[in-house]
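Everything below concerns the one structure shown next.
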Amino acid sequence: MNRRTKIVAVAAAILLTLGAGGVAVASGGDGGHATHGVREAAALTGTAKLYRPAGDDITFSFDAHLAAKDNTDPQAATGTFRFSHYKDGKGGYAVAKVDCLTTGGKVAVVTGKVIETDVDAFRNKRVGVSVHDDGKRDRLGYSWVGRDTNLEVPPCLSASPFEKVLPGTGDFKVLPWQLDYPTE
């Protein structure tokens, strides 16, 4: 092996070693929801399309987080979530700024105020979404289900996850909230 080849080999080995160590520290063993080794209190991330045999394109994406320092205040959650519904070139979308996130096991409920939309009914309303992170069979629910639904919901509330996610599209990840209960 010539000198240049040896240097490249050593550099590659160092990068691989540092890269592997960096991934282990960054992920913290919790699916990537850690910052500098500190686990978040709760999180909901990922994207999926809903199952619709008629061909509707309905997509939900989440990037919601509750910092460890805010463990007792789910209304301190941050991030956004987006949803859209299109069929035959018609439809709309909305982006909401997260104002509450609660999780338990593999279920999350997130609410947020709509900050961007092309659907007047959603403009400046608080909406809620629930997710069940069940591997290949994720499910989702939303607060505006029903004929005469009032879109404005209180923080941290939504309908149960009644919708099926289109197979192969769900990559939701729910980081369960771990509350510290008083001992006295």
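The values are calculated or read from the model by the stated rules, or taken from the named source; none is laboratory data. What you are looking at is a predicted structure, and each value in this text was computed from that prediction instead of being measured. As a convention, Cβ positions derive from the backbone with ideal geometry for all residues, glycine included, and neighbour counts pool all protein chains shown. In case anyone asks, the SASA skips ligands and DNA or RNA and just uses the protein heavy atoms, side chains included. Shrake-Rupley method; radii C 1.70, N 1.55, O 1.52, S 1.80 Å.
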So, first residue within 21 Å of V110 (Cβ to Cβ) in the stretch 35-60, second residue in a strand (DSSP E or B) and modelled with pLDDT under 90, Cβ within less than 8 Å, six or more apart or across chains; the pairs are E40/A34
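State all residues of the stretch 114-161 that are of a type outside the set (A, V, I, L, M, F, W, C) and in contact with a helix residue (DSSP H, G or I) (Cβ under 8 Å, 6 or more places away or on another chain); if no residue qualifies, say none.
P155
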The condition of being open to solvent by 60 Å² or more (accessible area, probe 1.4 Å), closer than 19 Å to N124 by Cβ and either part of a loop (DSSP other than H, G, I, E, B) or at pLDDT 95 or above (or both) holds, among R52, R82, only for R82
Of (1) farther than 16 Å from A48 by Cβ; (2) modelled with pLDDT of 95 or more, T183 satisfies every one except (2)
### Query
Does D73 satisfy the condition of being more than 14 Å from the chain's Cα centre (by Cα), closer than 18 Å to L175 by Cβ and among the acidic types (D, E)?
yes
Within the stretch 85-101, the residues that are open to solvent by 60 Å² or more (accessible area, probe 1.4 Å), modelled with pLDDT of 95 or more and either part of a loop (DSSP other than H, G, I, E, B) or under 15 Å from L44 (Cα atoms) (or both) are K97
